[in-house]
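Right, I'll just put the structure down here and ask away after.
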Amino acid sequence: MPIFDQIDKDLVGAMKAKEELRLSVIRMMKAALKLKQVELGKPPDDAAAVAVLRTLVKQHRESVEQFRKGGREDLAAKEEAEIKVVEAYLPSALPEAEIEAAVAAAIAETGAAGPKDLGKVMKAAMAKLAGKNADGKRVNETARKKLGG
């Protein structure tokens, strides 16, 4: 079942079960996907939906970081709970070995020689990992290590 349809189905289930946190997160995801649908002119396919959900996870992680800096552990904990709900709709995270292989292939493909070529390597590596649940931050860290930066 496509992610877009699964979220619609789970929205009804969360309403019936009166799961407030899950319901609010599913509504947030549905709104983000609806925005993408308007942008595309058609319902997003699974790859586009995964990209939207990955963006939501990234935004929530940034919020957690900011809340922790501000000493608001209660809000950080709420954001982390929301991240778990969103991540349930994402494919499992890629193993480190697969990320390293994609980065190594991108380095070979672009002929990167050092840290100044990080942008080219990231673009090529993320293209290879498109459609998979690859965290850009992990890919960046791996690329920096391999390029000596």
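Here, each number is a calculation from the coordinates, and none is a lab measurement. Everything numeric in this text was worked out from a predicted model, so none of it was measured. For neighbour counting, all protein chains shown are included, and Cβ atoms are generated from backbone atoms with ideal geometry for every residue, glycine included.
Going 7 Å from the Cα of GLU141 along its beta-carbon direction, which residues of region 64-91 have the amide nitrogen within less than 18 Å of the resulting point?
64-66
Please check: in the Gaussian network model of the chain (C-alpha springs, under 10 Å), which one of LYS16, LYS58, LYS30 has the largest mean-square fluctuation.
Highest fluctuation of the listed residues: LYS16.
Any idea what angle helix 3-17 forms with the longest principal axis of the chain, computed on alpha-carbon atoms, 0 to 90 degrees, nearest 10?
Result, in degrees: 40.
Pairs on different chains or at least eight residues apart, Cα atoms closer than 21 Å: how many lysine pairs in region 1-46 fit?
Qualifying lysine pairs in region 1-46: 9.
Here is a follow-up. How big is the chain on each of its three principal axes, counting only the C-alpha atoms and giving the largest first in Å?
Computed over the chain, the largest-to-smallest principal extents equal 56, 42, 26 Å.
Provide the net charge surrounding GLU62, with neighbours chosen by a C-beta distance below 15 Å and charges set as Lys +1, Arg +1, Asp -1, Glu -1.
Its environment carries a net charge of +3.
I'd like the orientation of helix 20-40 relative to the chain: the angle between its Cα long axis and the longest Cα principal axis, in ° from 0 to 90, rounded to 10.
60 degrees
To the nearest 10 degrees, how steep is helix 46-69 against the longest Cα principal axis of the chain, on a 0 to 90 scale?
90 degrees
What three numbers, in Å, describe the spread of the alpha carbons of region 96-147 along their principal axes, ordered from the longest?
The principal-axis extents, from largest down, are 27, 17, 16 Å.
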